[in-house]
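Since the structure comes first, as structure tokens, the remarks are kept for the end.
The values are calculated or read from the model by the stated rules, or taken from the named source; none is laboratory data. What you see is a predicted model; the values in this text were computed from it and never measured. Cβ placement follows ideal geometry from the backbone for every residue including glycine, while neighbour counts extend to all protein chains displayed.
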Amino acid sequence: MFSYILFDLDGTVSDPKAGITGSVQYALHALGIEEPDLDRLEPFIGPPLRDSFQEYYNLNEEQTEFAVKKYRERFCAKGIYENILYPGMKELLNRLKESGCHLAVASSKLEVSVTEILRYFAIGDCFEVTVGSEPDGRRSKKEEVVEEALHRFFTDGKIPFDDIVMVGDRKFDIVGGKEYGLHQIGVTYGYAPEGELEEAGAEYLAHSVEELGRILLG
């Protein structure tokens, strides 16, 4: 059993597809780009938002900042609640807490949005640490998020790396965990393209919330 567990949020704890893709669609429309197929916007789930707009739609800096502004305009009002907690996740989080595990959320999403989503699902009390990005783009890389989570957990700098695991559904989570010598679990029920987690070298793979629980609780 791992004593400290860092959870990614989107695609790991909850399914955010409707809210994220709908908000991306809204932002693109504001730029005069029409994308009727929300499935094509799934790659936005996981990576930093600015990076995705630039990578998938070749936006320049000014366009990217405008797109991020429009995305947040819709997401903060509506998209944040177009979210579904994965079945069995709340029960798993409670079991982990009751077992003495220390839980954190380490997400590239805005920290204020992460906090609101946890409140919305009534699972905020399960987590001792909640880390997300800043509105100006700071701390959007997963490595930066993991570093901040470790700093908030271990203010004395004494980090038991071998007793900590990063759980996430994308390669960014696996790489972020590896960067600091943490164990990593890739969940395949999220939004990673086929083979991504294996290629990233995830130490463990969980194909369901139930299997994730078995790995975490040993």
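Given the structure, is residue 97 farther than 25 Å from residue 159 by Cα and either assigned to a helix (DSSP H, G or I) or not assigned by TED's automatic domain parsing to the domain that holds residue 193 (or both)?
Working: farther than 25 Å from residue 159 by Cα: no; either assigned to a helix (DSSP H, G or I) or not assigned by TED's automatic domain parsing to the domain that holds residue 193 (or both): yes.
Taking the combined requirement at face value, the residue does not satisfy it.
With respect to (1) touching a Lys or Arg at 6+ places or on another chain (Cβ under 7 Å); (2) at pLDDT below 95, the lone exception for residue 126 is condition (2). Of the residues in the stretch 47-55, at least one is within 20 Å of the chain's Cα centre (by Cα), aromatic (Phe, Trp, Tyr) and closer than 23 Å to residue 172 by Cα. Restricting the stretch 1-57 to residues that are at pLDDT below 95 and touching a Gly at 6+ places or on another chain (Cβ under 7 Å), the residue that is surrounded by the most Cβ atoms within 10 Å (Cβ to Cβ) is 46.
I'd like to know if the stretch 61-78 contains one or more residues that are among the acidic types (Asp, Glu), over 23 Å from residue 148 (Cβ atoms) and assigned to a loop (DSSP other than H, G, I, E, B). Within the stretch 61-78, none of the residues are among the acidic types (Asp, Glu), over 23 Å from residue 148 (Cβ atoms) and assigned to a loop (DSSP other than H, G, I, E, B). For the stretch 67-78, the tally of residues that are surrounded by fewer than 16 Cβ atoms within 10 Å (Cβ to Cβ) and touching a helix residue (DSSP H, G or I) at 6+ places or on another chain (Cβ under 9 Å) stands at 4.
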